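Notes to accompany the following structure.
The values are calculated or read from the model by the stated rules, or taken from the named source; none is laboratory data. Only a predicted model underlies this, so the values are computations on that prediction, with no experimental measurement involved. All Cβ positions, glycine included, derive from the backbone under ideal geometry; neighbour counts span all protein chains shown. Ligands, DNA and RNA are excluded from the accessible area calculation, which covers all protein heavy atoms including side chains. Shrake-Rupley method; radii C 1.70, N 1.55, O 1.52, S 1.80 Å.
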Amino acid sequence: MKDLISIIDVKKHVGETVKIGAWLADKSGKGKLQFLQLRDGTAFFQAVVFKPNMIEKFGEEAGTAKFDEIKHLSQETSVYVTGVVKEDARSKFGYELDVTDLEVIGHSHDYPITPKEHGVEFLLDNRHLWLRSKRQMAIMQIRNAIIYASYDFFDKNGFIKFDSPILSGNAAENTTELFETDYFGNPAFLSQSGQLYLEAGAMALGRVFDFGPVFRAEKSKTRRHLTEFWMMDAEYPFVTHDESLDIQEAYVKHMIQGVLDNAAYALETLERDISKLQKYVDTPFMRVSYDDAIDLLQAHENDEDTDYEHVEHGDDFGSPHETWLSNFYGVPTFVVNYPASFKAFYMRPVPGNPERVLCADLLAPEGYGEIIGGSERETDYEVLLQKIVDFGLDPKDYEWYLELRKFGSVPHAGFGLGLERMVTFVAGTEHIREAIPFPRMINRIHP
Ligand code: 4AD
Ligand code: MG
């Protein structure tokens, strides 16, 4: 309704009478006072109902009845509330509403999520309602600010949005993580990443990006894994690996700054340390080679406060190694040039060192793990064909992809950012399941 204002905007209406459409998140009261905690998706704030005010406005009988009705409102009742906005230095939000009228829209009975503590499985079973809580609202607002900043960055930097398909006839990454489905009698796969299609886009349009849901069937139960998540892939021709890292760094900084600028209320709600986020924007990211990182890990493996396992050159990192490395540097850190043996088939080898590939994982600090995977791509038809065979893939499925190397092949690179990993990191939350409206995990597909 056009005469309604949002809670987040009440600061622009101090001293005015406003009307708000909201839900009752919580309520308390004593004597002639009722304190209503209202929420409308933009913020939470308190509305105060004073019985004598109701009587003054509606008369003794009607005013008393109105006050009694308010006193008995239950959690999640939807209401139109009218009142005068007041500054309130005692509340964290800074404003409250002095109620002059209240109208019930929809009743609510036995709302299952009460202000007391609940177990996480219960909350996930009630995800359709859990999203209404303050913390979940804040995380979704941060997710939105990241998406917005992401589009803004690509638009400002000359990228074109190029949508990759979700149903595909070939794997983009590791074939052990594929969701297979029946496509009119033939196998098809749910996309793991739009990258391969984006490479075709880059040869047609220059700088391109996509943003969409991707799927990984890996049977992992860690706090960083979803089976369905949103990935932003970007791809660009005539760009080498080092230049690609510059683009990624600018992109991640732009998203963090976007959240600082546009989701301050959400960050405050989550009690996220803003000074850390500002530091990540203001400080250059670290770049370390995989082999130097292994040396460093080996040199520190007996330190008192380390708890990671010994790693050799050629081993993959586990999350304790990633956590230690990013904490060591204290800023987002690119680990570059991993062994070819555990990276994807399309990555270009380091010149003069075929055991290593021109790639990077960006590790977020504070233990949030890998948020970006990127690389320079193999450009030579024969080399790529051999790689496809060596990886046990069927070259027939990749004919179209190989053809990109036949007609004016150019150096090109790109990366993919996992949106929910980014949200988890910026919001400072413990588990990735809270970073997406309806998380999909091995044992969860409802609601
Ligand atoms: O490192 P990944 O597998 O890279 C690719 O898919 C490349 N094709 C991207 C490219 O070069 N265009 O995945 C990219 C990012 C990871 O860094 C991580 O942030 C996220 O996707 N990710 C996941 N997020 C949630 N749950 C999972 N199971 C994830 N797997 C990867
Ligand atoms: Mg990766």
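Some notes on this structure:
- Set ASP26, ASP68, ASP101: member being among the acidic types (Asp, Glu) and within 26 Å of ILE139 (Cα to Cα): ASP26
- Contacts under 8 angstrom Cβ, first residue in segment 391-416 being within 16 Å of ligand 1 (Cβ to nearest atom), partner open to solvent by 60 Å² or more (accessible area, probe 1.4 Å), 6 or more apart: LEU393/THR175; LEU404/MET203; PRO411/PHE238; PRO411/THR240; HIS412/MET203; HIS412/PHE238; ALA413/THR240; ALA413/GLU243
- Qualifying residue in segment 354-370 (condition: open to solvent by 10 Å² or more (accessible area, probe 1.4 Å), hydroxyl-bearing (Ser, Thr, Tyr) and away from ligand 1 (no atom under 14 Å from the Cβ)): no
- Selection status of GLY59, outside the structural domain of LEU131 (by TED's automatic domain parsing), in contact (Cβ under 8 Å) with a residue 12 or more places away in the chain and surrounded by fewer than 17 Cβ atoms within 10 Å (Cβ to Cβ): no
- The listed residue being of a type in the set (Asp, Glu), free of Cβ contacts under 8 Å to residues at least 60 places away in the same chain and more than 20 Å from VAL49 (Cα to Cα), out of ASP125, ASP110: ASP110
- Criterion (surrounded by 14 or more Cβ atoms within 10 Å (Cβ to Cβ), out of contact with any Leu (no Cβ under 8 Å at 6 or more places or on another chain) and basic (Lys, Arg)) met by exactly one of ARG127, ARG90: ARG127
- Taking segment 270-289 as the range and being of a type outside the set (S, T, N, Q) and over 18 Å from GLU249 (Cβ atoms) as the test, the residues that pass are LEU270, GLU271, ARG272, ASP273, ILE274.
- Boolean, VAL336 is within 16 Å of ligand 1 (Cβ to nearest atom) and assigned by TED's automatic domain parsing to the domain that holds ALA427: yes
- Tally of residues being crowded, with 16+ Cβ neighbours inside 10 Å and of a type in the set (D, E, K, R) across segment 135-150: 1
- Of the residues making up segment 187-202, those that are of a type outside the set (A, V, I, L, M), within 13 Å of ligand 1 (Cβ to nearest atom) and farther than 14 Å from PRO237 by Cα number 4.
- Residues in segment 363-374 that are within 16 Å of ligand 2 (Cβ to nearest atom) and on the phi > 0 side of the Ramachandran plot: GLY369 alone.
- The residue list ASP316, ASP282 contains one member that is within 16 Å of ligand 1 (Cβ to nearest atom) and surrounded by fewer than 13 Cβ atoms within 10 Å (Cβ to Cβ), which is ASP316.
- Residue-level check: of (1) surrounded by 20 or more Cβ atoms within 10 Å (Cβ to Cβ); (2) part of a loop (DSSP other than H, G, I, E, B); (3) touching a Leu at 6+ places or on another chain (Cβ under 8 Å), ASP233 misses just (2).
- Contacts under 9 angstrom Cβ, first residue in segment 235-253 being at positive phi, partner not basic (Lys, Arg), 6 or more apart: PHE238/GLY206; PHE238/VAL410; PHE238/PRO411; PHE238/HIS412
- Of everything in segment 384-422 that is among the small types (Gly, Ala, Ser) and out of contact with any His (no Cβ under 8 Å at 6 or more places or on another chain), the residue that is farthest from ligand 2 (Cβ to nearest atom) is GLY408.
- Those residues of segment 206-230 which are of a type in the set (Gly, Ala, Ser) and buried (at least 19 other Cβ atoms within 10 Å of the Cβ), in sequence order: none
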